[in-house]
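Taking it in order: structure first as structure tokens, then the write-up.
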Amino acid sequence: MVSAVEPTQPTLRRLRQFGIRPKRALGQNFLVDSNILGVIGRAAELGRDDVVLEIGGGVGILSEYLAARAAHVHVVEIDRALEPALRDALDPHDDRTTLHLADATTIDLAGLRPAPGKVVANLPYGIAASTVLRTIEELPGVTRWVAMVQREVGRRLAARPASAAYGVPSVLAQLACDVRVVRSIPRTVFFPVPKVESVLVVLERRAAAATRLPGAIEVAPA
């Protein structure tokens, strides 16, 4: 009997090795195209002194890429079932990483040590806009964000005044940051393949966070 060939791509290998099934309720669409990592890394302008916050570690493909290029990486992941896969990714970089098995919407961001200076993430669709705005507000030391988000979220964050997408998230993000969508991300780089399109959005801080306005809304996943 011939055994199945073990995948070499890290995400596919860990999904099989640890018996992981993506959870739709948590918006889990894992990155399975390693070629996109270089695109993210160049956009993040990673340096050896950088402390990076990654929200939504998944099975660790982006986590290990960041850990090999930064001084320290904080990885936040809510799904404890993913811990073995994340440990597999992070253990070779144990002295430069901290795994936080926590909810990104409630974790004490200000208490992270060392304090992050950049946020780089494949953000779960359901919390993408609120997470970006929260990190702008609660992490004044962060100067750059690079995030894969649902296309509608990226457009809303970067929308110009008087456009159809312009709203409270646009105002809050742009009062503190220069925001731009740098490229589209094919749906096929994720597993499972999402029903919505994604983009890579970059934010660069130029001011302190604005006071949060009432009525900020999230774009619901399709």
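The values are calculated or read from the model by the stated rules, or taken from the named source; none is laboratory data. Fair warning: this is a prediction, and the values are worked out from it, not measured in the lab. Glycine also receives a Cβ, built like all others from the backbone with ideal geometry; neighbour counts cover every protein chain displayed. Calculation scope for accessible area: heavy atoms of the full protein, side chains included, ligands and nucleic acids excluded. Shrake-Rupley method; radii C 1.70, N 1.55, O 1.52, S 1.80 Å.
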- Note on the structure: Inter-part gap, Cα centre of the range 131-196 to Cα centre of the range 26-92, in whole angstrom, is 19 Å
- Task: Give the Cα extents of the range 100-204 along the principal axes, in whole Å, largest first.
- Result: 35, 35, 20
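Determine the gain in length on full extension of the stretch residue 87-residue 33; use 0.36 nm per residue of separation and subtract their C-alpha separation, reporting nm with one decimal.
Details: separation 54, 0.36 × 54 = 19.44 nm, distance 2.02 nm.
Gain in length upon complete extension: 17.4 nm.
Can you work out the accessible area per residue across the chain, with the rest of the protein chains kept in place, probe 1.4 Å, in square angstrom? Could the numbers behind the result be given before it?
Details: 10360 Å² over 222 residues.
Result: 47 Å² per residue.
Would you kindly work out the equivalent ellipsoid of the chain from its C-alpha gyration tensor and give its semi-axes, the square roots of five times the eigenvalues, largest first in whole Å? Working shown, then result.
Numbers: eigenvalues 161, 80, 46 Å².
They are 28, 20, 15 Å, listed largest first.
Starting from the Cα-Cα distance between residue 42 and residue 23, subtract it from 0.36 nm times their residue separation and give me the gain in nm to one decimal. Don't skip to the end; give the middle numbers.
Numbers: separation 19, 0.36 × 19 = 6.84 nm, distance 2.97 nm.
Contour length minus Cα-Cα distance gives 3.9 nm.
When only DSSP loop residues count, what trypsin sites (Lys or Arg not before Pro) in the range 21-111 have their Cβ near at most 10 other Cβ atoms within 10 Å?
48
Measure off, as a whole percent, the carbon and sulfur share of the 1.4 Å-probe accessible area of the chain, all protein chains present. Please report the intermediate quantities before stating the final value.
Details: 5590 of 10360 Å².
Ligands and nucleic acids excluded, carbon and sulfur give 54 percent.
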- Message: Please compute the Kirkwood hydrodynamic radius over the range 1-70, one decimal place, Å, based on all pairs of different Cα atoms.
- Response: 13.7 Å
- Message: Give me P(r) over the range 57-127, computed from all C-alpha to C-alpha distances, binned every 10 Å, as integer percentages.
- Response: 20, 58, 22, 0
- Query: For the chain, modelled as a GNM with alpha-carbon contacts under 10 angstrom, which of 82, 37, 90 fluctuates the most?
  - Reply: 37
- Query: So how far apart, in nm, are the two label points at residue 160 and residue 80 if each is 7 Å from Cα heading toward Cβ?
  - Reply: 4.9 nm
- Placing one equal point scatterer on each C-alpha of the range 129-181 and summing with Debye, one gets log10 I(q)/I(0) at q = 0.14, 0.20, 0.27, 0.30 Å⁻¹ equal to -0.31, -0.64, -1.14, -1.37
- Stretched fully, the stretch from residue 151 through residue 171 gains (0.36 nm per residue minus C-alpha distance, one decimal, in nm) 5.4 nm
